[in-house]
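Here's the structure, in structure tokens; my notes come after.
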Amino acid sequence: MARFALTRLASLVGILLGLSVVVFVLAAVVPADPVRAMVGASASPQIVEAKRHELGLDRPLPAQYARFLSRAVRGDLSMSLHTRRPVRTDIAAFLPATVELAATALALAVVLGGALGLLTARGGGTTLRVALVAGASVPAFLLALLLLMVFYARFGWVPGSGRISSDLGAPTGPTGLLIIDGLVHGRLDVVRDALAHLALPALCLALGPAVALGRTLRSSLQTVLVSDHIRTARAKALTERRVLLRHGVRPGLNAPLTMAGLQVGMLLAGVVVVESVFAWPGLGLYTARAITSVDFPAIVGVTLVMGAVYVIINAFVDVAQVAADPRLRAR
Amino acid sequence: MSRRLPLLVAVLLAAVLVGSACSSTPTPPQGGEGGTLQLAYLADMAQADPDVFYDIEGNTVILSVYEGLLKYKPDSTEIIPSLAESWEVSPDGLTYTFKLRSGVKFQDGTPFDSQAVKTSFQRRLDVGAAPSYMLEPVASMQTPDATTFVMRLKHPVAPFLHYMASSWGPKVISPKALTDNAGKDHAQTWANDHAIGTGPFQLTAFERGQRYELTRFDGYWGQKAHVDKVEIRIIPDIGTQRLQLQSGDLDAILHSFPQAELASVKSNPDLQVQDFSSYLNNIIYLNTNKKPLSDPALRKALASAINRDSLVTEVYGTYAKPSSSTYPSGLLDPALAPVAYPPSETTAAVGGGKKLTFAYTADDSGVHRRIAELVQQRLDAAGFSVTINEVQLPQVFEYVNDLQAAPDMVMQTNTPDGAHPDMWARIEWYSTGGLNYLGYNSPQVDKLLDQALETTDKATADRAYGQAGKILAQDTGIIFVADPRDVMVLRKNLTGIEHVPNYPWALNLAALQKG
């Protein structure tokens, strides 16, 4: 297991290096002048050049990259051009909201996808399938607005935007995840308010991955359900439900788990759109703003964090696969 | 079993939704005075430091917390007192003497005096960010007594008083806060998300990406604010903002409301549309430095082929007028620098199949995209072949570094920092102007603008500004499309609406009342 963790760690470093190179090359290819945008219209050419020098943007690209790397290994991701704060501070402030949203969405996707897979494996679940597929086929920003129009504007069941009602005085620690912090402080009102704010954005994010998961689970279950051990189980006169849940699911989990790992990537991408529509104060929102102001230090920082999250989650998926399917351990 | 699972899912979903339903938002207090004003920004204001802040989104916060020496009268270009009660300019235009208001306190209780002004102004120069240019002509600052502040300039600067009244002009920060939080960066780390000024509101929360909260400052020297609090939430999607305005969770949308939807708002009994005069100016820069638009005759033909007047009506309806001058309406007598683009007979011969690239910056109201599409249609009909391209502002700033690779045309809506012709012309079409994206360059124009800057007689200076504008208009270096109104959509119960043309997207929050 230790060896497995080490190889994973090594691959993580490799992937992050690769990602940072890609973003730096993009920065060189995209013609944009963030410095001029930063210093304003009335700045003299001398001020523009001084600022460019201060930020090290007048050096050749390899030198800029070397400087970035030497800082990054010490945990310094440079200053954001837009917020003028260390990118690390910004990410620390915006990451918890995204983690909470993405984790809830993933959990919801697993529940919905699992239900879809189990029901459709034996030809049922038409209603659920139609509802999920329809939802997942609508572009995310449109779905988000539709959900808001119905559940916020029409019925008033959920709040229209944000993460928490500002008048609640929600606790600010220890995790930054409002549901957990609310529980820690025994503030059920905070937990409920946070859940209400979470419901629509999480649903919006979860639909696409749920359909992907459900379909993978379905096809893998269908393969399992014609195998010998299932025939044996049926021969023991177990109920169909017991056959499916007890003997079918576990060997059929391999492919859906891989899919879940891949869908985390989709989910993190969807975060940018969904966070904008729901005014969710997370990394997606931060990224959207960083992109429009061509704030490369921030873009690089977010890319690295997202890349790391993706790799780490997929490492967990590998572990889960081994746990679910003992046959993999033999390898 | 297959029947029970959907039931389970339905129960789960219902549980989530019912759980949500219980947490209804508290009802806002009723009545004229007090209450909380709910506003929204489309984007983070990034920082609250008045010596760094140089954006439009966010000026409502800055202008509510901080004050400068001067300000503008609502709906006017007239400069009126703010922290200075009166002022005097020496005949040579070099010495500015301000008589300061007495009895003013900062929000932390520190008394306001001339030394506080000097400390803040010196800080702006030391920080040296975008808005510091307004104080760079200052040679020395003196404080003969607690209520007198004197600035001596290196050379006459015609718009200097407008610098003092500008939305981005020098503001006075509590000197105690600046000392206590000095650090090694002139208190920039502190001022980034804190603010202590003399204004009618205190900044009581600055949660990046989420919300800003302003609370009424009861020790304010002037007319105290009507509402107790102002909450400004970051809602980056204009569609979400609209839903919240309709539901009453927002009291106003101060900018970028979709132009096409304004008509439907008018029929809504809960909402009102207000439009105000502004110095916003929609313009199309032409790349005079490369073929084919290096040919002045072709530029003139192109300007006519756009058929601007009908385009403005089609896009803006009644919320803009076709520009009548090279200066935003109100800055200079339009007769001094008029523009007109008489529509031409559109025949395919005008463009002769020439390829043009047209870049525009995105805006949430949809106006820019619409104009770009119409311009493309009309120029295509006139025989050009136009490619349109939506870009971000930092990309636009890059064009001047390589004009041969830059697009042939760039469209933007800009606004001058102050209500003075110099503050428009110098950034837009002076050869090194910061918003002169496509490098328009006329030594004659530069010379006229430099002459005007140091001319103390207003009429003479205005003539020079007019002359510079005329040359640009004859040259068709820029096509002046429209003078848009500053359009806002508010709940019907809002009163006390006070707007300054030079403070775009902002209302005087202290004057607003919830009925």
note = Here D for the stretch A:215-268, in µm²/s, from Stokes-Einstein with a Kirkwood Rh over Cα pairs at 25 °C and 0.890 mPa s, works out to 207 µm²/s
message = Let me check the size of the stretch A:10-57 from its C-alpha atoms; what are the radius of gyration and Dmax in Å?
response = 15.1, 48
task = Give the share of C-alpha pairs in each 10 angstrom bin for the stretch B:391-515, from 0 to the last occupied bin, in whole percents, shortest bins first.
result = 11, 33, 29, 18, 9, 1
request  = Apply 1/(1 + (r/R0)^6) to the Cβ-Cβ distance of A:GLN222 and A:THR127, taking R0 = 22 Å, and write down the FRET efficiency to the nearest 0.05.
outcome  = 0.65
key: Quotient of C-alpha Rg and 2.2 N^0.38 Å, computed over the protein assembly as shown   = 1.05
message = More than 18 angstrom separation, counting every C-alpha pair in the stretch B:399-452; what % is that?
response = 35 percent
ask   = What order do you get for B:LYS354, B:LYS73 when you list them from fewest to most C-beta neighbours inside 10 Å?
value = B:LYS73, B:LYS354
task = Report the one residue of B:THR361, B:LEU250, B:ASN289 whose Cα lies farthest in the direction of the positive end of the charge dipole of the stretch B:250-362 (charges on C-beta: Lys and Arg +1, Asp and Glu -1; origin at the Cα centre).
result = B:ASN289
note = To the nearest 20 debye, chain B has a Cα-centred charge dipole, built from +1 on Lys and Arg Cβ and -1 on Asp and Glu Cβ, of 620 debye
query = Just in the stretch A:12-76: which trypsin sites (Lys or Arg not before Pro) are loop by DSSP and have at most 10 other Cβ atoms within 10 Å?
reply = A:ARG74
query = When the convex hull of the C-alpha atoms of the stretch A:1-160 is computed, what volume per residue in Å³ does it have?
reply = 222 Å³
query = What dipole magnitude, in Debye to the nearest 20, does the stretch B:369-515 give about its Cα centre under +1 on Lys/Arg Cβ and -1 on Asp/Glu Cβ?
reply = 720 debye
remark   = Taking Cα atoms only, Rg over Rh for chain A with Rh from the Kirkwood formula is 1.04
query = So what's chain B giving for Rg/Rh, alpha carbon basis, Kirkwood Rh from the mean inverse pair distance?
reply = 1.01
message = Run lengths n ≥ 4 of DSSP H only: what is the helix-derived mean residue ellipticity at 222 nm for chain B, with -39500 (n - 2.57) per run over all residues, to the nearest 500?
response = -8500 deg cm²/dmol
ask   = How are the C-alpha pair distances of the stretch A:230-315 spread across 5 Å bins, as whole percents from the shortest bin up?
value = 3, 13, 15, 14, 11, 8, 7, 7, 6, 6, 5, 2, 1, 0
request  = For a footprinting-style exposure proxy, rank B:ILE56, B:ILE235 by other Cβ within 10 Å, fewest first.
outcome  = B:ILE56, B:ILE235
request  = Report P(r) for the stretch B:326-374: all Cα-Cα distances, bin width 5 Å, range 0 to the bin holding the largest distance, values in whole percent.
outcome  = 4, 13, 12, 13, 21, 22, 12, 3
ask   = With a 10 Å Cβ neighbour count serving as the proxy for reagent exposure, in which order, fewest first, do A:GLU275, A:GLU54 appear?
value = A:GLU54, A:GLU275
query = At what distance in nm do the modelled label points of A:ALA66 and A:PHE4 sit from each other, each positioned 7 Å from its Cα along Cα→Cβ?
reply = 4.1 nm
ask   = Expressed as a whole percent, how much of the Cα-Cα distance distribution for the stretch B:180-254 exceeds 20 Å?
value = 48 percent
query = Pairs A:LYS51/B:LYS458; B:LYS290/B:LYS447; B:LYS73/B:LYS300: which are spaced more than 30 Å apart, C-alpha to C-alpha?
reply = A:LYS51/B:LYS458; B:LYS73/B:LYS300
key: Computed magnitude of the charge dipole of the protein assembly as shown (debye, nearest 20; Cβ of K, R +1, Cβ of D, E -1)   = 4040 debye
message = Quick check: convex hull over the Cα atoms of the stretch A:287-331, volume per residue in Å³, rounded to an integer?
response = 67 Å³
key: Listed residue (B:SER329, A:GLY186, B:PRO504) projecting farthest to the positive dipole end of the protein assembly as shown, Cβ model   = A:GLY186
ask   = What is the Å³ per residue value for the convex hull set by the Cα atoms of the stretch B:68-157?
value = 121 Å³
key: Value of Rg/Rh across the stretch B:154-304 [Cα atoms, Kirkwood radius]   = 1.09
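Bear in mind that the values in this text are calculations on the coordinates, not laboratory data. It should be emphasised that the depicted structure is a prediction, and the values quoted were computed from it without experimental measurement. Methodologically, a virtual Cβ is constructed for each residue, glycine included, from the backbone with ideal geometry; neighbour enumeration extends over all protein chains shown.
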